[in-house]
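> Structure incoming, see below.
Read the figures in this text as sums done on the coordinates, not as results from a lab. Note that the coordinates shown come from a computational prediction; the quantities given were computed from them, not determined experimentally. For neighbour counting, all protein chains shown are included, and Cβ atoms are generated from backbone atoms with ideal geometry for every residue, glycine included.
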Amino acid sequence: MAIQEDQSPRKRVLVCGSTGYVGGRLVPRLLDRGYEVICLVRSPQKLEVHAWHDHPSLTVVRGELDPDDQASIDRLGKAAVGTDAAYYLIHSMISAGEDYASRDRKLAKAFADAMQQADCKRIIYLGGLGEWGPDLSRHLQSRREVAEILQMGTVPVTVFRAAMIIGSGSASFEILRYLVDRLPIMITPKWVRIETQPIAIRDVLRYLVETLDVPETVGRIIDIGGTDVLSYRDMMQMAAKAEGLSRRIILPVPVLTPKLSSGWISLVTPVSADIARPLAEGLRNRTVCKNDLATRLMPGPLFSVQQAIDAAFGKMQNREVETRWSTAGEMPGDPEWSGGTVFDDRRECVIDASPKDVFAAVCKIGGKYGYWGADWLWWLRGVMDQVIGGPGLRRGRRHPEVLSYGEAVDFWRVSGFVRDRQLTLRAEMRLPGDAELDFTIEAIDGDASKARLIQTARFRPLGLLGIAYWYAVLPMHFFVFPTMLRGIRRDALKIA
C-alpha cells in the first residue's frame, strides 16, 4: 500500500528580531523544521554572516517597526499577511537607553495593530519572569507591560516568561563569566542570594519552536525554566567550576545599589552600564516558574544550570558562538563625509599577497588579537572611553577571525563589509565628532598575488572641541597607524 505524502501547506511564520540574540538562533531551527520564515530586518546585511541567510524557505523583508510611522506599520502588516504565527523578539533596551520602557510600549502596540491588520493567526512573545509588586524592577515591569499590550489586541498571544537565559554570547552570561574570571573576591549586593530559575538557550529555542505544533499553548502564559532553582551566588561558583577556577569569595553587603552595581559591572565586563543596570535590578526579584504548562504541554529533557554553563563555555572554546548580544540594535546612519570639515589620515602599502589574504589579515583586528602593536595606547584610549561612559575595549568580538556587517569590535561597529575588498569600522566611543577607520584592498594590474592596502582614518569634528581633539591625538597617529599597516602586511604574508 502506497503511503500518501502530506499535502498540507507549510506553516509560514514571521520573525521580528532575527538579528538579535534569540532571533538569530531561532530562525535556522524553524527552517530546519520545514517552516517558511519571513524576517523583517532593518539591515539585511546583518544576516549574511549566517549560513542560512540564503535558504530557499527564507524571505528577508527590509524594513523596521517604527511606531511613529504608519507606513512602516503597514509594510510590516503586508509582510505578515497569511502567516500562521509571528514571533515578537524586539527589545529596545540596547538602543533606546533610559527611555527603553516607553519605546517598548509603543513598539508593542504598533506590532499588535500590524498583526491584526494582517489577520495573523497568533503572536508568540518571549518576556520575563517576575510578579507585579512595588519591588518589581523597571526592566521586568517593562517585559510584563509589553505582554499585556500584545494581549489587548484581537490576535491570540502565547507569552513565554523566562528568567536568566544561559548561553554563549548572551549579555547575562557575559556578565557572569567576566565577574567570575576577573574577580576572585567579590563584594556583591545582598540580592545575589535571591532565588532564580535560569534556563539554557537550547531549551528556550525548543519551546519557541515546538509551540507551533501544540495548539493548547495558544492564548496561554507559559513560564519556562531549567531544572534548578538557585541563587546568582550559586551560579557564580558553578561558572568558576566550569572554567577550572577556585571557588570565588563572595561577600554580600546591603549598601550596594543597582546603580553602583551596574557601574562596577560595566568596568569589569563587556556589558555597558545602560544594559547592566536593568539586568542587575532584575536580580533583586525572585524569578521562579509559577506554572508547569511548559513541561506538561511540551515535555522533553532540560539542561541543569551546570550543564547550560558548561555548554556555553564549550561553544566559546570551539568558536561556535552563533549570536552575541552586542550585534543587536540599530545601525547608526552613515555620516556625510562630504559635508563640513573632515580630517583624514591616509596610508597605503603594496603587499605580496592576494586581496583575499590581505582581507583575512585585516579581519583579525581588535579583541584579544589587538591592533598589531602600540596596544598600551589602545588600552589607554579604551580606559578613557570607558570612564566617560563609552564601551571601551571590553566588548571584544564574537569570533577571533570572522567579521560581519553590524558586528561590534571593541569600541567600533562594522559599518561597511565587502568580502576581500573593504572593511569599514565606525567608532562608537565617546567622541566630539564622527570617526571611522577604513581598509580598502585593491588588486594590482590583475596580479592575483599582489594587492594594495589603503588604510584611512576619517574624523568629522563637532565644533572647536572636535578640532582640538583631532590635533591632540594626531601625534599618536604617526606611531599607531604605520605600526598597524606593517602588522597587517606581516600577517598577510604569513597567511599567503
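> Counting other beta carbons within 10 Å of each Cβ, put 344, 84 in order, fewest first.
344, 84
> Follow-up. If you take the beta carbon distance between residue 241 and residue 486 as r and set R0 to 25 Å, what does 1/(1 + (r/R0)^6) give as a FRET efficiency, to the nearest 0.05?
It comes out at approximately 0.05.
> Also, quick follow-up: What list of ³J(HN,Hα) couplings, whole Hz, do you get for segment 291-305 from phi and the Karplus terms 6.51, -1.76, 1.60, once you set θ to phi - 60° and write x for glycine and proline?
Result, rounded to whole Hz: 9, 10, 4, 4, 6, 7, 8, 9, x, x, x, 10, 6, 6, 4.
> Report relative contact order for the chain in percent, whole number only (criteria: Cα-Cα under 8 Å, sequence separation at least 6).
Here the relative contact order equals 13 percent.
> If you don't mind, there's one more thing I want to ask. Over segment 121-255, calculate the relative contact order: mean separation of alpha carbon pairs under 8 Å at least 6 apart, over the residue count, as a percent.
Dividing the mean separation by the residue count of segment 121-255 yields 31 percent.
> Based only on other Cβ atoms within 10 Å, what is the fewest-to-most ordering of 436, 145, 401?
Placing the least packed residue first, the sequence is 401, 145, 436.
> Output the 0 to 90 degree angle, nearest 10, between the alpha-carbon long axis of helix 232-242 and the longest principal axis computed from the alpha carbons of the chain.
60
> Go through segment 35-47 residue by residue and turn each phi into a ³J(HN,Hα) via Karplus (6.51, -1.76, 1.60, θ = phi - 60°); whole Hz please, and just put x for glycine and proline.
7, 7, 10, 10, 10, 8, 9, 5, 10, x, 4, 4, 7
> Can you tell me the Rg and the Dmax, both Å, for the Cα atoms in the chain?
So, for the chain, Rg and Dmax equal 23.9, 84 Å respectively.
> Note the angle between two axes, namely the Cα long axis of helix 100-118 and the longest principal axis of the Cα atoms of the chain, as a number of degrees from 0 to 90, rounded to the nearest 10.
60
> At 0.36 nm per residue, and after removing the present C-alpha to C-alpha distance, how many nm does the segment from residue 430 to residue 29 gain when stretched out fully?
Here the segment from residue 430 to residue 29 would lengthen by 140.5 nm.
> Students often get this wrong: which residues of segment 388-417 have the backbone nitrogen under 19 Å from the point 7 angstrom along Cα-to-C-beta of residue 369?
393-417
> Mind giving me the nanometre distance, one decimal, between the label points for residue 376 and residue 316, set 7 Å out from Cα along Cα→Cβ?
Label-label distance for residue 376 and residue 316, simple model: 2.8 nm.
> Take the Cα radius of gyration of segment 35-163 and divide it by 2.2 N^0.38 Å, with N its residue count; two decimals is plenty.
For segment 35-163, the normalised Cα radius of gyration is 1.08.
> Test of understanding: express the Cα radius of gyration of segment 341-495 as a ratio to 2.2 N^0.38 Å, with N the residue count.
Segment 341-495 yields a ratio of 1.02.
> Tabulate in residue order the Karplus-calculated ³J(HN,Hα) for segment 67-79, using 6.51 cos²θ - 1.76 cosθ + 1.60 with θ = phi - 60°, rounded to whole Hz; enter x for Gly and Pro.
Listing the rounded values in order: x, 9, 10, 4, 4, 5, 5, 5, 5, 4, x, 5, 5 Hz.
> Can you give the FRET efficiency for residue 249 and residue 445, using 1/(1 + (r/R0)^6), R0 = 51 Å, r = Cβ-Cβ distance, to the nearest 0.05?
It comes out at approximately 0.20.
> Mind scanning 106/315; 106/190; 315/356; 241/368; 46/78; 109/190 and naming the pairs with a C-alpha gap bigger than 30 Å?
106/315; 106/190; 109/190
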